[in-house]
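The values are calculated or read from the model by the stated rules, or taken from the named source; none is laboratory data. Quick caveat: nothing in here was measured; it's all calculated off a predicted structure. When we count neighbours, we look across all protein chains shown, and the Cβ atoms used for this are built from the backbone with ideal geometry, even at glycine. Side chains are part of the model used for accessible areas, which takes the heavy atoms of the whole protein and leaves out ligands, DNA and RNA. Shrake-Rupley method; radii C 1.70, N 1.55, O 1.52, S 1.80 Å.
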Amino acid sequence: MAPDHRDWTYMAADPFTDAVDYRRYVREVAQYPDRQDYAVIDRDADKAVGTLSLMRQDPNNGVIEVGNVMFSPLLKRTPISTEAQFRIMAYLFDDLGYRRYEWKCDSLNAPSRNAAQRLGFRFEGIFRQAMIYKGRSRGTAWYSIIDADWPTLRQAFQEWLAPDNFTIDGRQRRALSEIRAQVDRHRRASRTTGLAMPSCFRCSATLIRRT
């Protein structure tokens, strides 16, 4: 379930030595009152392939953060990791009515920052010297999606996840950022024409509460 070894430098947790060490970690984080951990299940393989957490929950203000995203190499070059992120966003915005969804990471964690931007999070700035961990001072990069952004992002995810966006060998035909830009243009135009945009979506992943 761990990210590539090079990414642990920027993770709050340390690499797990074995299954016992991982179970100890799960029991520890299960005690946090404002954190819910989810397992990402590959339905085709019927196995857990990653985890993510909802944390710093503030339902009164409609704000919540996603963090501790640990996706295994089994998710590489598959749409499941994107679908898992989409499904948790849909749950928060559509089902629970949250107004703001946050992504924060070490400012030096380029893979995490690239992932946030690819998923449609907007960069809001860096909190300099926000904390000390692993023997150094860390700046924290802040990203967010708000409810006003969500209709465009939801449509873009659905378009990207549609079966006809992938070749037989599983390669994407259009990038998520390309589709998002096109959806945004179409949605703006639809405000004047009144035309609705179609949607198509396939389900390959399941999110299951882990703690």
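Collect the residues in region 70-101 that are acidic (Asp, Glu) and open to solvent by less than 20 Å² (accessible area, probe 1.4 Å), keeping them in residue-number order.
The initial filter retains those residues of region 70-101 that are acidic (Asp, Glu), namely 83, 94-95.
Glu83, the sole residue that qualifies.
Return a yes/no flag: does region 120-134 have any residue that is polar (S, T, N, Q) and touching a residue at least 12 places away in the same chain (Cβ under 8 Å). Before the answer, list the steps.
First pass over region 120-134, keeping only residues polar (S, T, N, Q): 129.
If we keep only those that are touching a residue at least 12 places away in the same chain (Cβ under 8 Å) as well, we get none.
There is no residue in region 120-134 that is polar (S, T, N, Q) and touching a residue at least 12 places away in the same chain (Cβ under 8 Å).
Residues of region 54-75 being at pLDDT below 90 and on the phi > 0 side of the Ramachandran plot, which ones?
Asn68
Any residue in region 83-97 that's under 18 Å from Ala148 (Cβ atoms): show its pairings with residues that are aromatic (Phe, Trp, Tyr) and surrounded by 14 or more Cβ atoms within 10 Å (Cβ to Cβ) at Cβ separation under 7 Å, as long as the two are six or more apart or on different chains.
The qualifying pairs are Phe86/Phe157; Met89/Tyr101; Leu92/Tyr98; Leu92/Tyr101; Phe93/Trp150.
Are any residues in region 40-62 more than 16 Å from Lys76 (Cβ to Cβ), open to solvent by 90 Å² or more (accessible area, probe 1.4 Å) and part of a strand (DSSP E or B), and if so, which ones?
Within region 40-62, just Arg56 meets the criteria.
Inside region 97-151, counting only strands (runs of 3 or more DSSP E) that do not spill past its ends, which hold 2 or more residues that are over 19 Å from the mean Cα position of the chain (by Cα)? Don't jump to the end; show me each part of the working.
Working: elements: 100-106, 122-133, 136-146.
Correct list: 122-133, 136-146.
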